[in-house]
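Q: Here it is: the structure, laid out below.
None of the figures in this text is laboratory data; all of them are computed from the coordinates on show. Fair warning: this is a prediction, and the values are worked out from it, not measured in the lab. Quick reminder, even Gly has a Cβ in these numbers, built from the backbone with ideal geometry, and neighbours come from all protein chains shown.
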Amino acid sequence: MSTAPDRNDPSTGDAAPAVVAGDSPTRYDEALERFVRFWGEMASNWGINRTMAQIHALLYCSEEPLDTDAIMEQLQISRGNANMNLRSLIGWDLVHEVHRAGSRKNFYEAEKDVWHITAQIIEERERREIKPVREQLRASRDLLASDEKRCGDLPEREARLCRRLENLMDLMEVFEGFVEALLPFVKEGNVPMMKRLIRLADELDEDDGS
């Protein structure tokens, strides 16, 4: 496999060897490489480290746990880059460390339950992004208004800014509430219930448009 390292990642070291010379790529190899590359690009667009996503994709598809050397070789990344991103994946509870009797190496395997993976990513993104944004918006609004002094009590210019901040706060609150309401069904892999919620949303949208 010859997935190129992320050149924009400052932690990327010198490329490690690719697949052993003479090996002919199979359909499996080509499909795996395409998926790993795509997963990294997609995650990068979402603001997630590309190499971290590629390691996760590789481990997700692997039949057996892989050690750091195998990950470095397949993705052509440095040991430091591999170790740093493996620690992040373990912190996200997407990858688990595995010890094998008779080996000093650490092996890693990915969570295979796609619903658990999705729930973990949603929860981590909420913790890292949604909640801090909401807190910063509230802190900015509180410089202008408080429970005792509302936006409407302010001078016109400050009142407009205050209301705009509160509109964003309302948006983040609704989004956070939506995520928290949906998460239990995602964790359970309750596809029928999620489909029912989607149909309900579609019906409400049709009613509003009529």
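Q: What net charge do the residues around Val179 carry, taking every other residue with its C-beta under 10 Å from that of Val179, with Lys and Arg at +1 and Asp and Glu at -1? If you can, show how the numbers build up before the last one.
A: Working: positive: Arg125; negative: Glu123, Glu126, Glu176, Glu180.
That sum, taken over residues with Cβ under 10 Å, equals -3.
Q: Continuing with the same structure: So which cysteines in the chain don't have a second cysteine's C-beta under 4.7 Å from them?
A: Taking the Cβ cut-off of 4.7 Å, the unpaired cysteines of the chain are Cys61.
Q: Trypsin sites (Lys or Arg not before Pro) within segment 124-210: which are DSSP loop residues with at most 15 other Cβ atoms inside 10 Å? Can you show the working numbers first?
A: Values: sites: Arg125, Arg127, Arg128, Arg134, Arg138, Arg141, Lys149, Arg150, Arg157, Arg160, Arg163, Arg164, Lys187, Lys195, Arg196, Arg199; in loops: Lys149, Arg150.
In loop regions of segment 124-210 (DSSP not H, G, I, E or B), the sparsely surrounded trypsin sites (Lys or Arg not before Pro) are Lys149, Arg150.
Q: About the Cα centre of segment 27-110, how large is the charge dipole given +1 on each Lys and Arg Cβ and -1 on each Asp and Glu Cβ? Please answer in debye to the nearest 20. Display every interim value, and only then the final one.
A: Numbers: 9 positive and 12 negative charges, 49 e Å.
Charge dipole, segment 27-110, about its Cα centre: 240 debye, nearest 20.
Q: Same structure again: May I ask you to compute the full-extension gain from Arg199 to Leu161, defined as 0.36 nm times their residue separation minus their alpha-carbon distance, rounded to one decimal in nm?
A: This chain segment gains 10.0 nm when fully extended.
Q: Can you list the lysines whose alpha carbon is less than 29 Å from that of Lys149, not counting same-chain residues fewer than 8 positions off?
A: Lys131
Q: So what's the Cα pair-distance distribution over segment 114-160, bin width 10 Å, in %?
A: 24, 31, 20, 16, 8, 0
Q: While we're here: May I ask which residue of Val186, Asn81, Leu137 lies farthest towards the positive end of the charge dipole of the chain, with charges of +1 (Lys, Arg) and -1 (Asp, Glu) on Cβ and the Cα centre as origin?
A: Comparing the listed Cα positions along the dipole, Asn81 ranks first.
Q: Another one. Where a ≥ b ≥ c are the square roots of the eigenvalues of the C-alpha gyration tensor, would you call segment 114-209 rounded, which needs a/c under 1.5, or, failing that, prolate if a/b is larger than b/c, or oblate?
A: Working: a/c = 4.21, a/b = 1.82, b/c = 2.32.
Oblate, because a/c is 1.5 or more while a/b does not exceed b/c.
Q: Springs between alpha-carbon pairs under 10 angstrom, Gaussian network model over the chain: which of Ala57, Ala181, Ala101 fluctuates most?
A: Evaluated over the chain, the most mobile residue of the options is Ala101.
Q: Okay, next question. Rounded, prolate or oblate, given the Cα gyration tensor of segment 153-210, with a/c below 1.5 counting as rounded?
A: On the way: a/c = 7.14, a/b = 2.00, b/c = 3.57.
Because a/c hits 1.5 or more and a/b fails to exceed b/c, segment 153-210 counts as oblate.
Q: Let me ask something else. Starting from the Cα of Lys195, draw a straight line to each of the lysines and keep only those under 25 Å, dropping any in the same chain fewer than 8 residues away.
A: Result set, ordered by chain and number: Lys112, Lys187.
Q: Any chance you could give the angle, 0 to 90 degrees and rounded to 10, that helix 79-91 forms with the longest Cα principal axis of the chain?
A: Its long axis makes an angle of about 50 degrees.
Q: Tell me the angle of helix 27-45 to the major Cα principal axis of the chain, expressed in degrees between 0 and 90 and rounded to the nearest ten.
A: 30 degrees
Q: Further question on the same structure: Which residue, Met84, Met42, Met194, has the most motion in a Gaussian network model of the chain that connects Cα atoms within less than 10 Å?
A: Maximum fluctuation in the GNM of the chain, among the listed residues, is at Met194.
Q: So which GluC sites (Glu not before Pro) in segment 27-111 are both in a DSSP loop and have at most 12 other Cβ atoms within 10 Å of their Cβ?
A: On the way: sites: Glu30, Glu33, Glu41, Glu63, Glu73, Glu97, Glu109, Glu111; in loops: Glu63, Glu111.
Those satisfying the criteria are Glu63.
Q: Starting from the Cα of Arg79, step 7 Å along the direction of its Cβ; do the same at Lys131; then give the gap between the two resulting points in nm.
A: Using points 7 Å along Cα→Cβ, the separation is 3.6 nm.
Q: Quick one: angle between helix 156-188 and the longest Cα principal axis of the chain, in degrees between 0 and 90, rounded to 10, please.
A: 50 degrees
Q: Next question, about the same structure. Kindly provide the helix-only [θ] at 222 nm of the chain, computed as the sum of -39,500 (n - 2.57) over DSSP H runs of four or more divided by all residues, to the nearest 500 deg cm²/dmol?
A: Working: 8 runs with 128 residues, N = 210.
Mean residue ellipticity, 222 nm, calculated: -20000 deg cm²/dmol.
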